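Just below is one structure, and these are the notes that go with it.
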Amino acid sequence: MDELHGQKYVVKARELIKKFGFKTALRQVNLSLISGDCLALFGPNGAGKTTLIQILCSLTLPTSGKVVIAGLDTRYHRAAIHRLIGVIAHDTFLYGDLTAVENLNFYGRMYNVPKLKARIDDLIDQVGLRAYKNDPVHTYSRGMKQRLSVARAILHDPAILFLDEPYTGLDQQGADDLQRLLNQFRDQRKTIVLASHNLARGLELCSHAAILNAGELIYHENTAGIDKNEFKQMYLKLTEEKTWSHQISAQVSYENSRRSYGKIFFPNSDPKN
């Protein structure tokens, strides 16, 4: 199914699996979003949120499964997809020896942004960096770099925005400025995927909430009517149960592997050892 109520999916992931050696980071993740959907993706550290965002952005490919962004398969149309999306990741994708203006000018020319100078001036103001716009980025604090990363991500007015812990390093004013920009983005009926530990901000912004844990998407619902306190308790319960279950499963798998290893390579060993 490629449509919901006559609207085509702009983000569609099917049966995503991602493995790093023997470690499985994502386990058959399915996700579908239409234009205007805003998804808050929650989960504990190591749940697979960053891996999922990277795959959706085509920064990396899944071990198996498929992602289609605005009708384009991420395996074959990365350049075209990157023109449609904005990304805020752990890596700011900024050049330290360039100033804020020079960084944005570089990306703006890459994306053929019209009226680039005016656009840069406006975004520099919106992220609160006017007083520092001509300073080299390597002199910036972590929070200032994150502010500039926000400007970089939305410079070309993307239709879809992927954010991986975008509030990291931001002070209260910076977080409020980001929330305001994201509210504007949402109100324009654009699509947002936000990975965050901040349950309150995520639920305030987004139309849907999902929980990823141990590589599995264990919850995905509309946020309408969700009580924040009740959601927090449910989140803690679900992630605790899933993490415990996953740890037991991993331990059993490890013990089985040890026994199999002993049988294969040490056939005369004492089975009690």
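Among the residues making up the stretch 71-90, a single one is farther than 20 Å from ARG152 by Cβ and buried (at least 19 other Cβ atoms within 10 Å of the Cβ): THR74.
Could you list, in sequence order, the residues of the stretch 35-52 that are more than 16 Å from the chain's Cα centre (by Cα) and either open to solvent by 40 Å² or more (accessible area, probe 1.4 Å) or at pLDDT 95 or above (or both)?
First, pick out the residues of the stretch 35-52 that are more than 16 Å from the chain's Cα centre (by Cα): 35-36.
Result: SER35, single match.
Scanning the stretch 53-70 for residues that are open to solvent by 10 Å² or more (accessible area, probe 1.4 Å), among the hydrophobic types (A, V, I, L, M, F, W, C), touching a strand residue (DSSP E or B) at 6+ places or on another chain (Cβ under 8 Å) and in a loop (DSSP other than H, G, I, E, B) yields LEU59, ALA70. Mind checking which pairs have a first residue in the stretch 118-135 that is on the phi > 0 side of the Ramachandran plot and a second that is open to solvent by 10 Å² or more (accessible area, probe 1.4 Å), Cβ under 9 Å, 6 or more apart or different chains? Short answer, once both residue conditions are applied: GLY128/MET144; GLY128/ARG147; GLY128/GLN173; GLY128/ASP177.
Close Cβ contacts (under 7 Å, 6 or more residues apart or on different chains) running from residues in the stretch 151-179 that are of a type in the set (Gly, Ala, Ser) to residues that are part of a helix (DSSP H, G or I) and surrounded by fewer than 18 Cβ atoms within 10 Å (Cβ to Cβ) comprise ALA159/LEU84; GLY169/ARG142; GLY169/GLY143; GLY174/GLY143. Can you tell me which residue within the stretch 15-33, out of those that are in contact (Cβ under 8 Å) with a residue 40 or more places away in the chain and over 12 Å from LEU56 (Cβ atoms), is surrounded by the most Cβ atoms within 10 Å (Cβ to Cβ)? So the residue we want is ALA25.
So is ILE218 open to solvent by 10 Å² or more (accessible area, probe 1.4 Å), modelled with pLDDT under 90 and touching a helix residue (DSSP H, G or I) at 6+ places or on another chain (Cβ under 8 Å) or not? Even if it seems obvious, please write down each step before you answer.
Details: open to solvent by 10 Å² or more (accessible area, probe 1.4 Å): yes; modelled with pLDDT under 90: no; touching a helix residue (DSSP H, G or I) at 6+ places or on another chain (Cβ under 8 Å): yes.
In short, no.
Those helices (runs of 4 or more DSSP H) of the stretch 96-166 in which at least 2 residues are over 21 Å from GLN188 (Cβ atoms) and open to solvent by 10 Å² or more (accessible area, probe 1.4 Å), considering only elements entirely within it, cover 100-110, 142-154.
Return the residue satisfying two criteria in turn: it lies in the stretch 221-232 and is assigned to a helix (DSSP H, G or I) and surrounded by fewer than 11 Cβ atoms within 10 Å (Cβ to Cβ), and of such residues it is modelled with the lowest pLDDT.
Here is the first cut: in the stretch 221-232, the ones assigned to a helix (DSSP H, G or I) are 228-232.
Still in the running and surrounded by fewer than 11 Cβ atoms within 10 Å (Cβ to Cβ): 229-230.
Details: ASN229: 87, GLU230: 90.
Per the criteria, the residue is ASN229.
Taking (1) assigned to a strand (DSSP E or B); (2) touching a Lys or Arg at 6+ places or on another chain (Cβ under 7 Å) in turn, GLY36 satisfies each apart from (1). Set side by side, the residues PHE22, PHE42, PHE93, PHE106 differ, and just one is at positive phi and not basic (Lys, Arg), which is PHE93. Scan the stretch 167-177 residue by residue and report those that are in contact with a helix residue (DSSP H, G or I) (Cβ under 6 Å, 6 or more places away or on another chain) and under 28 Å from ILE69 (Cα atoms). Within the stretch 167-177, TYR167 is the sole residue that qualifies. A single entry from ALA40, ALA13, ALA70, ALA80 fulfils the requirement of being within 26 Å of ASN222 (Cβ to Cβ) and out of contact with any helix residue (DSSP H, G or I) (no Cβ under 6 Å at 6 or more places or on another chain): ALA13. Residues that are polar (S, T, N, Q), open to solvent by less than 10 Å² (accessible area, probe 1.4 Å) and in a strand (DSSP E or B) occur at least once in the stretch 175-193.
The values are calculated or read from the model by the stated rules, or taken from the named source; none is laboratory data. This is a predicted model, so every value here is computed, not measured. Neighbour counts are summed over all protein chains in view; Cβ atoms, including those assigned to glycine, are modelled from backbone coordinates with ideal geometry. What goes into the accessible areas is simple: the full protein's heavy atoms, side chains included, and nothing from ligands, DNA or RNA. Shrake-Rupley method; radii C 1.70, N 1.55, O 1.52, S 1.80 Å.
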